[in-house]
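The values are calculated or read from the model by the stated rules, or taken from the named source; none is laboratory data. Here the structure is a predicted model, which is why all the values come from computation and not from measurement. Glycine also receives a Cβ, built like all others from the backbone with ideal geometry; neighbour counts cover every protein chain displayed. Accessible surface is based on the protein model in full, side chains and every heavy atom, while ligands, DNA and RNA are left aside. Shrake-Rupley method; radii C 1.70, N 1.55, O 1.52, S 1.80 Å.
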Amino acid sequence: MSHISGVRQAQKQKTRQALLDAALGLLEEQSLSSLGLREVTRAVGVAPTAFYRHFRSTADLGVALVEEALGSLHPMIRTTVSPAEDSDERIARAVGLIAGHVAAHPAHVRFIARERHGGVQPVREAIREQLARFAEEVRAELAKDPVSARWSEADLRMLAGLYVDQMLITASLFLEAREASEAPEEAHRRATDTATRQMRLISVGRRHWPD
C-alpha cells in the first residue's frame, strides 16, 4: 500500500468513526428510527453524500453500532459463568465488570437497551444475532462445568439464555442508577445489591436444577 493510499484509508476510517460517534451522541435523545442522516453528517461537518461512502443507510449505521457496542463484551460474558472460582466471588466480579462497562460506555448500553425492541428491523436482528453468539459461548462454558456438564443441550441453552438476559438486565440497572435523581452512590449501591441477588438466584437454581 502506497503512502497516499494509506493516508486516504486512515482518513476514511476516521470519518467513518466520526459518523458512528456523532450518531451515538444523537441517539441519546431519540431512537434510530427517527434519526436522519443529515443530522449525523451535520454533526460531523461533512456533506450528506459523504455518508454513503461508509453506510448504505441509517439502518446500516445502526448495525455497525451494534457490532461496536456488543463486540467487546464476549470476555465479560464468559467471566459470568466461569467455574474457576467461588460462586459469590464470581458473581461479585461479574457485577463489577458490568458496572464498569456501563460507566465507561453508557451511550452504547442505552442504544442496545432501546433498539433491542426498536423499530429498525436490521438492527433488531443484529442485536439478536450477537446475543445468540453470547449464549452459544456461555453454553460452551457451562458444558465444561461439573455442575452442569451432564445437562441436556436444551437445558444448557436455557441457562445460557438466562445469563445473557441477566447481563442486559444488570447493565440496565446500572444505567438507571447513573440517571437516578437520588444520590449516585446510593443508587449504585442499590443496583449492585439487586444485580447480585438476581445473579445469586440463578446460581442457586443452577446447582439444584437436576433435583
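Looking at the square roots a ≥ b ≥ c of the eigenvalues of the Cα gyration tensor of segment 87-141, which shape do they give, rounded for a/c under 1.5, prolate if a/b is larger than b/c, or oblate?
It comes out oblate by the Cα gyration axes.
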Fill in: Helix-only CD estimate at 222 nm, as mean residue ellipticity for the chain, using -39500 (n - 2.57) per DSSP H run (n ≥ 4)
-25000 deg cm²/dmol
Worksheet item: Which net charge results for the neighbourhood of Ala160, defined as the other residues with beta-carbon distances under 9 angstrom from its beta-carbon, given Lys and Arg at +1 and Asp and Glu at -1?
Response: -1
Worksheet entry | Rounded percent of accessible protein surface that carbon and sulfur make up, the chain, 1.4 Å probe | 53
Worksheet item: Label-point separation (nm) for Ile169 and Val7, each offset 7 Å from Cα along Cα-to-Cβ?
Response: 5.5
Discussion item. Could you tell me the calculated FRET efficiency between Trp209 and Ala183, based on Cβ-Cβ distance and R0 = 45 angstrom, to the nearest 0.05?
Written reply: 0.70
Worksheet item: So how tilted is helix 106-115 from the main axis of the chain? Cα-based, degrees 0 to 90, rounded to 10.
Response: 90
Discussion item. Per residue, how large is the accessible surface of the chain? Use a 1.4 angstrom probe and give square angstrom.
Written reply: 55
Worksheet item: Between rounded, prolate and oblate, where does segment 58-211 land on the alpha carbon gyration tensor, with a ≥ b ≥ c its root eigenvalues, rounded for a/c under 1.5, else prolate if a/b exceeds b/c?
Response: oblate
Discussion item. Quick check: from the Cα gyration tensor, does segment 1-55 come out rounded (a/c under 1.5), prolate or oblate?
Written reply: prolate
Worksheet item: Extension gain Ser152-Ile202, at 0.36 nm per residue separation less the Cα-Cα distance, in nm?
Response: 16.3 nm
Discussion item. Please report the net charge: other residues with Cβ closer than 14 Å to the Cβ of Arg110, K and R +1, D and E -1.
Written reply: -3
Worksheet entry | Student exercise, segment 170-211 dipole from Lys, Arg, Asp, Glu Cβ charges, in Debye to nearest 20 | 300
Item to complete: Using only Cα atoms, tell me the angle between helix 184-208 and the longest principal axis of the chain; keep it within 0 to 90° and round to the nearest 10.
Response: 50
Worksheet item: Residues with beta-carbon under 14 Å from that of Val40, excluding Val40: net charge, scoring Lys, Arg +1 and Asp, Glu -1?
Response: 0
